[in-house]
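All remarks here apply to the structure that follows.
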Amino acid sequence: MSNCLVLGDFNSEKYWKDKKGSKLPEFVDKDSANIILSMDEMLFSFCRIDDILLTRFRFNESLKEYLIKLGYSFKSNVNNIQLTYGESNQNIFQLLNNDINRVDWVIKNITENTSIQPYSYLPCSDLFVQNLQLKSKFPNIEVIKYVNSKVFSFNLSRELGLKYSGCIVKNHSELLEYGKKMLAVSNIIIKDPFGVSGKGSISVNLDIILDRIAKYLKSQEENGYNSVFVIEELLEREIDFSCLFNIDIDGKIDIQSIQKMLNNQFAYYGSYTAKKDFVEYLEKQNYFITVENIAKKLYQEGYFGPVCLDSMILKNGDIVPIVEINARKSMGFINYSIDQHLKKFNVSGNLVSINFGYNETNKVTFDKILSEMDKQGLCFYPGLENGIMPISANTLFISHDLKIINKIESNMNAPYKGRMYISVVSKDFETRNILVKKLRELLDGLSIKVYD
Amino acid sequence: MENKIITLLSEIKEDKELDKKVSASSDIVHDVGLDSLQMINFFLKIETDFGIEIDFENFDFSYLSSIKNLCKFLEEHQVKTASGI
């Protein structure tokens with residue numbers, strides 16, 4: 001039986017964006033950037049027996065021991081692949097291409113039948129496959145960039161007749177001209193072609209804010225940067241959901257799951273698998289016919305692989321099938337994969353993220369948190385109906401471990417930020433909320449400040 | 001000014017009860033819990049309401065360690081803007 005090499009970067013859009021493309025105003029939050037770098041440990045959810053998981057920072061031993069008790073089994077690197085803070089700007093394929101000796105044991109564990117299962121296809125993924133002499137085939141990187149752009153999503157929506165009002169602007173003057181016309185009717189959202197959840201899009205309700213954004217873009221354009229943005233009417237969302245599907249190399253489409261999303265404004269908070277009645281409702285509304293048309297179009301463009309199609313239902317009941325097309329894996333895929341595993345125990349989970357802050361003086365370890373969770377009977381184990389399954393460890397304290405220089409220079413007392421990803425196994429939302437509350441109290445007892 | 005900041009934060013967070021949960025010493029990122037997108041919208045509103053322009057890329061995050069510190073930054077900024085510095 002062939003095994004898989006599983007690896008990836010969760011900030012794919014950063015590597016797809018045109019380096020000379022202008023940006024919307026944003027603050028650089030290094031804590032969040034570090035957390036994203038260490039999210040690759042959640043890729044264990046895609047591993048089967050004998051698969052090899054490569055993570056930027058070595059996989060936490062306690063988490064691995066816990067996952068083994070739940071029936072997971074995979075090989076992982078015991079040393080960090082990223083060795084210096086400066087290497088944060090390189091994707092994992094670039095790091096490995098530079099020095100495959102950082103994971104020389106991988107070479108001993110792969111065969112001619114080993115395939116690669118990346119979170120997303122990135123620049124240098126193909127070189128990595130060549131270097132390891134694997135047979136996996138990828139779509140062309142230019143195709144990947146093209147279909148992942150919000151501009152493609154916008155144009156495809158229009159082509160399929162699905163779109164609310166909006167347009168593409170190619171400089172600050174067009175942004176002002178079209179933005180103000182649209183603002184006269186409703187609030188708008190400006191999207192970077194490669195923005196991601198919580199970043200790269202700004203909602204605007206006033207002309208004066210639009211003026212300021214245009215001014216910000218103008219100064220970049222004067223320095224040789226190119227502007228391309230999508231402006232859309234800001235719609236009144238009721239339900240966010242995503243459709244997960246796969247397109248194989250021959251174009252066969254496999255719709256896998258509908259995931260409902262928990263969002264905090266535009267930022268991702270969690271996922272859960274939609275109930276049967278919701279899927280049936282979508283079926284009646286011919287949603288899946290649209291999904292198939294989108295998949296066919298993606299394949300015609302030269303893409304094959306995983307797709308997470310973000311969709312929404314508006315307050316007026318209308319379905320908007322394309323909010324954005326993510327031609328890659330996603331948090332929804334992780335939740336789906338974990339649920340597939342949990343099926344063995346006749347339970348399912350909700351993927352939830354918990355953000356918190358901690359100081360140098362009160363930093364604890366993941367091992368300590370896991371041990372406290374065990375003591376309080378919070379952890380999920382086979383045979384239980386309820387419980388919390390921790391699914392990340394490095395995301396908790398990575399900012400401290402990487403020692404962010406500018407924070408220490410500017411404010412010694414500023415807390416570090418961390419994030420814990422969990423799958424909450426429960427029969428209902430009420431039990432889920434009780435379990436999350438108990439975990440928050442546990443963290444609070446360890447002097448970790450949980451944010452709302 | 002502190003009240004004005006708390007009102008703006010309430011609008012951004014869509015939380016009318018926020019004034020009961022935060023004080024002048026609250027950390028804007030961590031206690032109020034603004035994510036990166038909310039942060040941009042918050043600062044764009046500050047620029048509009050206070051008539052100033054912020055250098056996003058070089059902004060010192062330590063001013064966000066309390067509402068009081070942010071007010072101090074804004075007062076200094078307003079003085080600089082008024083005197084054309």
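Each value in this text was obtained by applying a stated rule to the coordinates, not by laboratory testing. Just so it is clear, the structure is predicted and the values come from calculations on it, not from any experiment. Because the Cβ atoms are built from the backbone with ideal geometry, glycine has one as well, and the counts that use them run over all protein chains shown.
General remarks:
- Dimensionless Rg ratio for region A:74-208, taking C-alpha atoms and the 2.2 N^0.38 Å reference: 1.49
- Placing unit charges on each Cβ (+1 for Lys and Arg, -1 for Asp and Glu) gives region A:293-349 a dipole about its Cα centre, and among A:GLN340, A:PHE304, A:VAL320 the Cα reaching farthest toward its positive end belongs to A:GLN340.
- Rg [Å, one decimal], Dmax [Å, integer] - region A:4-144, C-alpha atoms: 15.5, 48
- The Rg/Rh ratio for region A:165-233, using Cα coordinates for both the radius of gyration and the Kirkwood hydrodynamic radius, is 0.93.
- Tilt relative to chain A, helix A:287-300 - C-alpha long axis, 0 to 90 degrees, to 10: 90 degrees
- Since only A:GLN376, A:ILE36, A:GLY166 are under comparison, the one whose Cα sits farthest along the positive direction of the charge dipole of chain A, derived from C-beta charges on Lys, Arg, Asp and Glu, is A:GLN376.
- Approximate spin-label separation A:SER136-A:TYR164, in nm, with each point projected 7 Å along Cα-to-Cβ: 3.8 nm
- Averaged over peptide A:208-221, the number of partner chain Cβ atoms lying within 10 Å of each residue's Cβ comes to 2.
- 3J(HN,Hα) from dihedral phi, region A:332-338, Karplus parametrisation 6.51/-1.76/1.60, rounded to Hz, x for glycine, proline: x, 5, 5, 4, 4, 5, 5
- Rg/Rg_ref, chain A, where Rg_ref = 2.2 N^0.38 Å and atoms are Cα: 0.98
- Shape analysis of region A:259-394 yields a ratio of the Cα radius of gyration to the Kirkwood radius, Rg/Rh, of 1.05.
- Integer Hz, Karplus 6.51/-1.76/1.60 couplings in order for region A:339-355, x for Gly and Pro: 4, 4, 5, 5, 4, 4, 9, 6, 9, 9, x, 10, 7, 9, 10, 10, 9
- Extension gain, A:ASP18 back to A:PHE288 (0.36 nm per residue minus Cα-Cα distance, nm): 94.0 nm
- Rg over Rh [alpha-carbon atoms, Kirkwood Rh] for region A:75-124: 0.96
- For region A:4-144, the residue among A:GLN82, A:ILE116, A:GLY71 whose Cα projects farthest onto the positive side of the dipole built from Cβ charges is A:ILE116.
- Over all Cα atoms in region A:236-331, the spread is summed up by Rg and Dmax: 13.0, 39 Å.
- Average other protein chain Cβ within 10 Å of Cβ, residues B:27-34: 5
- Vicinal HN-Hα couplings computed from phi for region A:423-430 (Karplus, 6.51 cos²θ - 1.76 cosθ + 1.60; Hz; Gly/Pro x): 10, 9, 8, 6, 7, 8, 5, 4
- The listed peptides A:178-190, A:26-38, ordered by packing as a protection proxy, come out as A:26-38, A:178-190 (highest mean of other Cβ atoms within 10 Å first).
- Across region A:335-450, Cα-Cα pairs farther apart than 16 Å form 61% of the total.
- Per-residue shielding of A:21-29, expressed as the average number of other chain Cβ atoms within 10 Å of the residue Cβ, stands at 5.
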